[in-house]
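S.K.: Let me give you the structure first, and then I'll get to my questions.
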């Protein structure tokens, strides 16, 4: 699929990895709807990018919220043929800690946003994509999800986060198989440690130390590098049903 033909919905598109994806798509002639709960950042980004972007305040775990956002994107762009799931939350907590067992609500929240929210967007976006006219490759849409290397190398205190991202990895292939008959691809990217708002609370010393733990390059990943991977997946029709680690060969230690 050509990026200039893209009409995308990007969850978490107001900041971090999602913002980089929105900017990358628009820079190459595509259009993108920013689906995010951060109204200030989302609206500001949409204004900056002009008519190629719009903002829809969206809770990915809520069916009606996502349905309304997708409808608005289609009303504005005429269709959607790409969905990028980058909305997510980081939940930390040991299974058993000094205050007792982990709060079950924290675990459920991570699953609700990171896993259920991702599937919610996939199913609703794919339904609309299935009604598109196919391109010359027979393709009607591309879905790209964001997991994490924590799905494979979860650290101490990451049970909830790792479970939610492991679920995204686990459903990548079956969803690709489900949607193959419609000409819709489903791919997941599992980033390592990237320079996003989640890292903003750390000092420069800590951020440098984390970067040095990565074999090569010894630095935090840049959001635009994630965006370039997403754009490559969109353009490369043979990529389907796969989870791609984007991590500089990092394998996280227990803590």
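The values are calculated or read from the model by the stated rules, or taken from the named source; none is laboratory data. Since this is a predicted model, take the numbers as computed values, not measurements. So basically every Cβ, Gly included, is an ideal-geometry build from the backbone, and we count neighbours across all protein chains shown.
S.K.: Exactly one condition in (1) touching a helix residue (DSSP H, G or I) at 6+ places or on another chain (Cβ under 9 Å); (2) free of Cβ contacts under 8 Å to residues at least 60 places away in the same chain; (3) over 17 Å from residue 84 (Cβ atoms) is not met by residue 64; state its number.
M.R.: Result: residue 64 fails condition (1) only.
For (1) closer than 18 Å to residue 88 by Cα; (2) modelled with pLDDT of 95 or more; (3) out of contact with any helix residue (DSSP H, G or I) (no Cβ under 9 Å at 6 or more places or on another chain); (4) assigned to a helix (DSSP H, G or I), each residue gets a yes or a no:
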| position | (1), (2), (3), (4) |
| --- | --- |
| 152 | yes, yes, no, yes |
| 161 | yes, yes, no, yes |
| 165 | yes, yes, no, yes |
| 170 | yes, yes, no, yes |
| 177 | no, yes, yes, yes |
| 198 | yes, no, no, yes |
| 216 | no, yes, yes, no |
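S.K.: Let me ask something else about it. Looking at region 69-102, which of its residues are in a strand (DSSP E or B) and over 20 Å from the mean Cα position of the chain (by Cα)?
M.R.: 96, 97, 100, 101
S.K.: Moving on. Tell me the residue from 159, 125 that is farther than 20 Å from residue 196 by Cα, crowded, with 22+ Cβ neighbours inside 10 Å and in contact (Cβ under 8 Å) with a residue 40 or more places away in the chain, please.
M.R.: 125
S.K.: If you don't mind, another one. Mind listing whichever residues of region 230-255 are surrounded by fewer than 17 Cβ atoms within 10 Å (Cβ to Cβ) and assigned to a helix (DSSP H, G or I)?
M.R.: Result: 232, 235.
S.K.: Go through (1) more than 27 Å from residue 192 (Cα to Cα); (2) at pLDDT below 95; (3) crowded, with 21+ Cβ neighbours inside 10 Å one by one and return the number of the condition residue 91 breaks.
M.R.: The one condition residue 91 does not meet is (1).
S.K.: Residue 190 - would you say it is in a helix (DSSP H, G or I) and within 22 Å of residue 233 (Cβ to Cβ)?
M.R.: No; evaluated as a whole, the condition is false for this residue.
S.K.: Let me ask something additional. For region 14-57, enumerate the residues that are assigned to a loop (DSSP other than H, G, I, E, B) and within 18 Å of residue 75 (Cβ to Cβ).
M.R.: 30, the sole residue that qualifies.
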